[in-house]
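Here is the structure we will look at, set down as structure tokens.
The values are calculated or read from the model by the stated rules, or taken from the named source; none is laboratory data. For clarity, every value in this text was computed on a predicted model and none was experimentally measured. Virtual Cβ from ideal backbone geometry, glycine too; neighbours counted across all protein chains shown. For accessibility, only protein heavy atoms count, side chains too; no ligands or nucleic acids. Shrake-Rupley method; radii C 1.70, N 1.55, O 1.52, S 1.80 Å.
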Amino acid sequence: MVTQAGFGNHKWAMAVDVDKCTGCQACVLACQVENNIPLNTQDRFERNRSISWIRVERYWEGEFPDIKARFIPIMCQHCENAPCEPVCPVFATYHNAEGMNVQVYNRCVGTRYCANGCPYIVRFFNYWEPVWPESLRNHLNPDVTIRSRGIMEKCSFCVHRVRRGVRKAASESRPLEDGEIQTACQEACPTSALNFGDINDPNSRVSQMKKDDRYYTLMPQLGTSPNVFYLAKVDEDREIALTGAESEGGDGH
Amino acid sequence: MQQRRVLDQVETNRILLNGQLNTPKWWLPTVLGLGVVVLIGFVIIGFMVNRGLGVTGLSRPVYWGLFITTFVFWVGISHAGIMISAILRLTQAEWRRPVTRAAELLTVFSLLTALIFPLIHAGRPWRIAYWILPYDFARGIFPNIRSPLIMDPVAIGTYLTGSTLFLYVALLPDLGNLRDRTRGWQKTLYTVLALGWRGNPRQWKLQTVGGILLSALMLPIFVSVHSIVSWDFAITPAVEGWHSTIFAPYFVIGAVHSGVSAVVTMMALMRWLWKWDDFIRPEHFDALARLLIVVATAWLGFTFLELVFAIYSLDAPEIALRELQIFSWPWNLMFGVFLMTGYIIPVGMWLFKSVRNNIALMFWTSLFVNIGMWLERFMIIVPGLSRRTPFVYTWDSYRPSLVEWSILVWSVAWVTFLMLLFSRFFPLVPLFEQKESQIFVDKIKIGRVNVPAILREQE
Amino acid sequence: MKLTRREFLALSGKATAGAVIFAACGIPERELIVQSPVELPEDLVRGEDAWFATVNPDGRNSDGLIVRVMQGRAKKVAGNVDFPVNMGKHSVRDDVALQLLYHPDRLAGPLSRRTHGGQLAQTSWTQAESVLAAATNTSRMTVVTNPLRGHLGWVASRFAEVRGGRYITFDPVEQGVLHGSIKKIFDADVLPEFDIANAHTVLSFGADWLSSWVSPVRHSVQYGKFRSAETRGYMIHGESRMSMTAAAADMWLPIRPGREGDVALAIANVVIDEGLASAAEITAFTSALPAGILNAYRPQDVAARSGVSAEKIVKAGRRFGSSRPSVAFGGGSAGAHVHGTFALSAIYALNTLVGAVGSTGGVKLNPAPAVEGLSGSATGASFAAWEQELAQWRAGNIDTVIIRGVDLAHGMPNSVDVIDALQSVPNVIVFGTVMDDTMAEATLVLPEKSYLEDWGTDIPEPGPGYAVVGIQQPVVGPTISADEVSLIADARGFGDELLRLAGNDIGASSMQQLVEQTTNGLFNRGGSTASVSAPNSNLFRKGVLQRGGWWDTRATGPSRSFSFPNFIRGKTEAEFSGTSGLGQGIDLTLVPFVSNNLLDGRLSAAPWAQQVPDPMSSAAWATWAEINKEDAKSIEVSEGDILFIKSTSGEIEAIAYPHPGVPRGVIGVPIGYGKIEGGRWAEGRGENVLKIISDKKDEETGALAWAATSVRIQKTGRRLKLPKFEGTVEAFPIEPGVPVLVVAPGETAHEAEAANEAEYRKLFTNDETRREIGRDSIGDRISESESQE
Ligand SMILES: Nc1nc2c(c(=O)[nH]1)N[C@H]1C(S)=C(S)[C@@H](COP(=O)(O)OP(=O)(O)OC[C@H]3O[C@@H](n4cnc5c(=O)[nH]c(N)nc54)[C@H](O)[C@@H]3O)O[C@H]1N2
Ligand code: SF4
Ligand code: SF4
Ligand code: SF4
Ligand code: SF4
């Protein structure tokens, strides 16, 4: 592997405060714009093939009139032990030194095996060649490769923004500031439910958020050690009380 | 035991070479018909490669569907050859002799067909070179040998090479035979292929030892191939119903079930098409049916163990998956058909000797098994993907597209086409084995009955 | 899979030739390039970018934006961190600007037709401008725009004025009742600021304020702060539809349409009865009411009328009264009734009861605009005014209408025959970027610059409580088309055209000049707390352009306390249009809602706006109808069934999406679909719910009562797959806490997980629960949704 001079002291993480997410979809489109994600045409919705590196799932809970709709944004969890990585025959998806799961489009042959391996269903396959009408190509982001058909894509933690930020700080001979690098989804997110930063920096916002009592990760039982973590939704009406666990005696962990 | 005609060597040659020395009337139309289907199939594959996998019914998260099912199916069928010839050869089961070659041939052709599926199901098939061949020296990245998708081609490649060699070694004496009975370009062909086979004792000995060594070598490969195919699924923690520790033996035994059934189907066809009633006999069907009863029952045990293990966990996604797989439309129908055709109907019938000795019934029941076994693979692969993990919001269903169905049909036509093409130029029943067996055959009187018995060569 | 015989033969030829893969695929060379080992995609960074600040005047409120420009092309829109309204954040509605700028169906040049019946044909700007000049040289002229807060609106109205014509604004989902009620309760012309971030309790009604109401980006930013405050805020939202805002609320009050005002007064009763307000507060509130009227709004009685339990009303009232600071506001469907002013006034009056007016965490009044001459407030003219206006058109009293920023033909209900009105006017001149339904009726269509290409000013409404002027500047020049011979749009600014036509009559020759005048004015105004200070006006202007605007945190609004007059003067009861003679079916109340992505349809041309899933249904690209599951069952409807939605004003079709959050008796349909014209992605897509709204109006303001239509629902018998992101199974979690973990206040995530696990295990040990929520329900849900496919 090529060593990446100047990189590697960071470990990127995303903290998602579920309590703040309103489901507004700003992150979804911001990511789409930033990362040249192909247009999700009606056909793609009907065939369930739309691509959305970050998606906002909406779950129902309870019954009318006490029904709740809960939103949760889900993107690649950048697992430390990523189940998508070992299955890829061509190392098109691998882990870099900064806690990111990276996708090398050029190598990918499109087996979709990684997508089966990923428990979070955040990998998307290009069933068709993406097409933009010529004039719309004006807004494509030159920092991000346009993927051809037949390959996988997924959230990159806006790696191009990270690289730009790290390089900029390095060229100005100063340490990178917390919050200096923003992913596109975080930048848009009006409620600040999304927070990106360096977990190696103990003073960073994500490091602080990790200490929150509401910290949890998705499907911890799989041992994937995601670099995306969540802060639980708060609800005064929550009915499953702590007593339930006590009476059962818990699992003895 | 039915009376069996003892044939002399000339007659054996005449009957068994009836495909090569004089073409049967049905052959040309059948092969041409199949050829058209095969051609259309290739055009459809070309169309798919041209347009992209958008023409399939695949979606998110059902990323694998009919193609992978059919891949597993054909790898399963390929287990026939080795099961029949290697194991039976090593255990010196005499009844194997007339069916070994056809079984091995089925192995080779079904493997060739199976290999095509992972290739065409890739998003960019033309880039597979990067996958199997290490190419990126600059970056020092070789294929990822941890990936079952690398182990797959390695295992299948080895199996294919071994089986082809095995087939070829066993073909040598018959090639010599054909060389001596043909003229013109055919003679040239057989001369080259026969590698100077003369039938002297040294050659016979080498050929026999080679065959036995290859059989012994093939056995571990045979076990490993479908184990590795099962790992395509079993190492995936994210798909309910896939990450099961019993998948390897479960897949292997399932493969034997479908492979041997395919051999039975084929034997019935050979008997009808070439009128080889003297060679492929009811007792062969009887023996295979008995074997199948054991294999199928073991396989069914695994099937239920797998379900039971899944339910043990009481994981919500597991339960949701089983709900879908067993109780929800249209999977409940498929599940029913799968159980009926994969086990209940065939095994139930095979319990009766009259069925085991009835070629037509054996033909249909063995065909049923493979319908059931295809469905089994489909039911392992697809429901798991449509009920991925607890993210209910992303759950989806899958319906194969016309393109996918056509390619499934193509694959069946393609294997049959290759078999028939082969049968035109090479004997499907090994002549030398047949003759060898007749030499060993004798009758022993036990009490008041004459029992056919086999005398072994003394070394 | 469409394959003609010819294609098939060609393909088979190629296939047999073995050339299929490479030749026929047209696989580009890049497929054969081995990627450089030093250029991993993660390392690719090319080119230098520039960021320009501007504002979006076309959104709900003016969001300050910065636009990334590379090689003269706009690449990305982001929130301007400095801009006090949206504070660095932006929404789906802002991103979409890029696609409207580079829309492939953008009008390339002017189009004209001789008569209404004729064909629109291309013409030159020279030609078009002479037609324009001739047509506008009359006082029998009306200028129509969307509500505009900045100089563009001012130019439009001045232009109409100098010619002796009329200026009228249009907003399909008009906020007239809102402005009327704000005026009534707070005596303010501009909307006030709701200090959600600092409130402990937010009580809102009808307004989908996190999605599409008034200032959604700002409100969302505040909501984020509200949720992370030391004391996590409590949010109560009353709305007859489960909107995104209702979903965010801690307590959702699913009020029957038209009963929002009742619930507000019932809450007032609770606050007063339980002694949660001071005597002064109570007096201030009750003195404005006819004596004894509150007795008609006892929680129990209101519960029966509104469908919200008395228990919930009391709980909401206690919270609102005791957990202060509290703020109450409302709008949207709550005010879109014949008694809309009553409902909204009651809601806004609640603020006096909790001392919220002018205080932190309450309602803050905004100052008058910092720019001389601008009103800083904009709302569509009332529907009543429009009925009169269109009557004038139809009567042939108008020779010319100039339309900009609105699609009258799409936005007007069937009850006014707007097409006929347009056809009665000899010169219909429409400015715009992509073809719309009104342009289809125009005699002259003029391509307009997008806001990313033009100069302008925009006064946010509501502002943040102090004076703000947003400055809009061109961030890109005209874009050259792909064949490099023409512009993708030879567009001109609406303001510039009017100013040019008016000569010196208005006092400026271009929008750019107006921007300059504005910054000069602001420079002279001075102020040490202003966002920009500079030694001279030139540098000052540059500073303002760089920051995207000017604001002064000290220039706050008035802080007097209010004694509002008796606000209950008109109707207090809802009225709905009838449904007689509409055939079989069930009657429901139609609750149209503004789409989170398309707004009222002004963004529907952009594929991004079409494709972003609706927050609640996750649907895209089609018109769906949210319907209660029981109601759906009663007419045997499941997801994908196409419904007729009939009102006395017409009928539309929509794909049914029954979901568990819809109250009985209500059908929710998104606004913004059903454009006949609108570029390749919008034309003919979906159905236009605005058309079937009845002509009921708010009694006091004459505003369209767009939530007062009853509809009859029938099955068409046809089905379509609803294009949506959600999968095939109704998304109830299959085990508690996965994936959305919910904690009670104070409970840790770990404790919650353990409790959920125990709860889940119970399903398998307790026969009762197993039957109720265990295997069976999962199974039922799955088979139910599978069988729907
Ligand atoms: N890290 C590590 N790995 C190991 C080993 C090790 O020592 N360390 N040892 C290896 C060896 S020797 C073995 S045998 C395997 C064992 O591996 P596993 O068979 O996986 O054994 P456990 O993890 O002990 O238990 C499996 C699950 O069964 C559940 N369980 C317990 N009792 C019952 C029951 O009555 N019914 C049901 N349905 N479930 C029950 C438990 O809660 C637990 O979740 O692990 C092997 N792997
Ligand atoms: S789809 Fe691409 S990244 Fe995924 S496993 Fe296959 S080759 Fe690797
Ligand atoms: S979330 Fe999925 S794609 Fe991302 S690293 Fe983990 S396994 Fe891989
Ligand atoms: S981090 Fe970047 S790539 Fe990932 S979801 Fe957010 S915007 Fe998309
Ligand atoms: S932008 Fe933020 S609030 Fe909106 S859906 Fe995304 S995460 Fe949730």
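Among the residues making up the stretch A:81-108, those that are of a type in the set (S, T, N, Q) and either within 16 Å of ligand 5 (Cβ to nearest atom) or under 22 Å from B:ALA234 (Cα atoms) (or both) are A:ASN81, A:THR93. The residue list A:ARG164, A:ARG107, A:ARG149 contains one member that is more than 14 Å from chain B (Cβ to nearest Cβ) and among the basic types (Lys, Arg), which is A:ARG164.
For the criterion of being among the hydroxyl-bearing types (Ser, Thr, Tyr), within 26 Å of C:LEU98 (Cβ to Cβ), in contact with a helix residue (DSSP H, G or I) (Cβ under 8 Å, 6 or more places away or on another chain) and within 16 Å of ligand 3 (Cβ to nearest atom), A:TYR113 fails.
With modelled with pLDDT of 95 or more, away from chain C (no Cβ under 11 Å) and either within 25 Å of A:LYS68 (Cα to Cα) or within 15 Å of ligand 3 (Cβ to nearest atom) (or both) as the only criterion, which of A:VAL206, A:VAL234, A:VAL228 stands out?
Details: A:VAL206 fails: either within 25 Å of A:LYS68 (Cα to Cα) or within 15 Å of ligand 3 (Cβ to nearest atom) (or both); A:VAL234 fails: away from chain C (no Cβ under 11 Å).
None of the other options fit; the residue is A:VAL228.
Checking the stretch B:243-263 against the condition returns a match, with at least one residue being within 14 Å of chain A (Cβ to nearest Cβ) and either within 16 Å of ligand 3 (Cβ to nearest atom) or closer than 20 Å to B:PHE166 by Cβ (or both).
Could you tell me whether the stretch C:221-244 includes any residue that is among the aliphatic types (A, V, I, L, M) and touching a helix residue (DSSP H, G or I) at 6+ places or on another chain (Cβ under 6 Å)? Yes, some residue in the stretch C:221-244 is among the aliphatic types (A, V, I, L, M) and touching a helix residue (DSSP H, G or I) at 6+ places or on another chain (Cβ under 6 Å).
Restricting the search to the stretch C:632-641, which residues are surrounded by fewer than 21 Cβ atoms within 10 Å (Cβ to Cβ) and either of a type outside the set (S, T, N, Q) or in contact with a helix residue (DSSP H, G or I) (Cβ under 7 Å, 6 or more places away or on another chain) (or both)?
Within the stretch C:632-641, C:LYS633, C:ILE635, C:GLU636, C:SER638, C:GLY640 meet the criteria.
Of all positions in the stretch C:247-257, none carries a residue that is out of contact with any strand residue (DSSP E or B) (no Cβ under 7 Å at 6 or more places or on another chain), within 14 Å of chain A (Cβ to nearest Cβ), part of a helix (DSSP H, G or I) and buried (at least 24 other Cβ atoms within 10 Å of the Cβ).
For the stretch A:94-104, the set of residues classified as away from chain B (no Cβ under 13 Å) and in contact with a Leu (Cβ under 9 Å, 6 or more places away or on another chain) consists of A:ASN96 only. Right, C:LEU100: crowded, with 24+ Cβ neighbours inside 10 Å, of a type outside the set (Lys, Arg), assigned to a helix (DSSP H, G or I) and not assigned by TED's automatic domain parsing to the domain that holds C:ASP614 or not? No: the conditions fail for C:LEU100. Exactly one residue out of A:ASN116, A:ASN81 is more than 7 Å from chain B (Cβ to nearest Cβ) and out of contact with any strand residue (DSSP E or B) (no Cβ under 6 Å at 6 or more places or on another chain), and it is A:ASN81.
May I ask you to say which residue of B:VAL38, B:VAL43, B:VAL75 is assigned to a helix (DSSP H, G or I), within 14 Å of another protein chain (Cβ to nearest Cβ) and under 20 Å from the mean Cα position of the chain (by Cα)?
Details: B:VAL43 fails: under 20 Å from the mean Cα position of the chain (by Cα); B:VAL75 fails: within 14 Å of another protein chain (Cβ to nearest Cβ).
Answer to the check: B:VAL38.
Please enumerate the residues belonging to the stretch C:741-751 that are facing chain A (nearest Cβ under 7 Å), surrounded by fewer than 23 Cβ atoms within 10 Å (Cβ to Cβ) and closer than 21 Å to A:PRO73 by Cα. Matches in the stretch C:741-751: C:ALA744, C:THR748, C:ALA749. Filtering B:LEU206, B:LEU193, B:LEU167 for residues that are within 20 Å of B:ALA114 (Cβ to Cβ) and either without any contact (Cβ under 8 Å) to a residue 60 or more places away in the chain or within 17 Å of the chain's Cα centre (by Cα) (or both) leaves a single hit, B:LEU167.
The condition (being away from ligand 3 (no atom under 16 Å from the Cβ), assigned to a helix (DSSP H, G or I) and modelled with pLDDT of 90 or more) is satisfied by just one residue among B:PHE368, B:PHE309: B:PHE368.
Within the stretch B:379-424, no residue satisfies the criterion of being crowded, with 24+ Cβ neighbours inside 10 Å, out of contact with any Asp or Glu (no Cβ under 8 Å at 6 or more places or on another chain) and of a type in the set (Lys, Arg).
Rundown of residues vs (1) part of a helix (DSSP H, G or I); (2) in contact with a strand residue (DSSP E or B) (Cβ under 7 Å, 6 or more places away or on another chain); (3) within 30 Å of B:TYR63 (Cβ to Cβ); (4) open to solvent by less than 60 Å² (accessible area, probe 1.4 Å), yes/no style:
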residue	(1), (2), (3), (4)
B:TRP126	yes, no, yes, yes
B:TYR130	yes, no, yes, yes
B:LEU149	yes, no, yes, yes
B:TYR168	yes, no, no, no
B:LEU172	yes, no, no, yes
B:LEU175	yes, no, no, yes
B:THR191	yes, no, no, no
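Evaluated against (1) open to solvent by less than 10 Å² (accessible area, probe 1.4 Å); (2) in contact with a Lys or Arg (Cβ under 6 Å, 6 or more places away or on another chain), C:ASP399 falls short on exactly one condition, (1).
Looking at C:GLY238, C:GLY176, which is the one that is in contact (Cβ under 8 Å) with a residue 12 or more places away in the chain and within 13 Å of chain A (Cβ to nearest Cβ)? So the residue among C:GLY238, C:GLY176 that is in contact (Cβ under 8 Å) with a residue 12 or more places away in the chain and within 13 Å of chain A (Cβ to nearest Cβ) is C:GLY238.
Evaluated against (1) without any contact (Cβ under 8 Å) to a residue 24 or more places away in the chain; (2) of a type in the set (D, E, K, R); (3) within 7 Å of another protein chain (Cβ to nearest Cβ), A:ASP43 falls short on exactly one condition, (3).
What are the residues in the stretch B:317-356 that are basic (Lys, Arg) and within 13 Å of chain C (Cβ to nearest Cβ), if any?
Matches in the stretch B:317-356: B:ARG322 only.
Residues that are open to solvent by 10 Å² or more (accessible area, probe 1.4 Å), of a type outside the set (Gly, Ala, Ser) and at pLDDT 95 or above within the stretch C:306-324 comprise C:GLU311, C:LYS312, C:VAL314, C:LYS315, C:ARG318, C:ARG319, listed in sequence order.
Screening C:ALA207, C:ALA277 for residues that are more than 13 Å from chain A (Cβ to nearest Cβ), open to solvent by 10 Å² or more (accessible area, probe 1.4 Å), in contact (Cβ under 8 Å) with a residue 60 or more places away in the chain and part of a loop (DSSP other than H, G, I, E, B) leaves exactly one candidate, C:ALA277. Within the stretch C:615-626, residues that are more than 7 Å from chain A (Cβ to nearest Cβ) and touching a residue at least 40 places away in the same chain (Cβ under 8 Å) sit with their Cβ atoms under 9 Å from residues that are in a loop (DSSP other than H, G, I, E, B) and among the β-branched types (Val, Ile, Thr), at 6+ positions apart or across chains, in these pairs: C:GLU626/C:VAL662. The condition of being within 16 Å of ligand 4 (Cβ to nearest atom), surrounded by fewer than 23 Cβ atoms within 10 Å (Cβ to Cβ) and under 22 Å from B:GLY123 (Cβ atoms) does not hold for A:VAL131.
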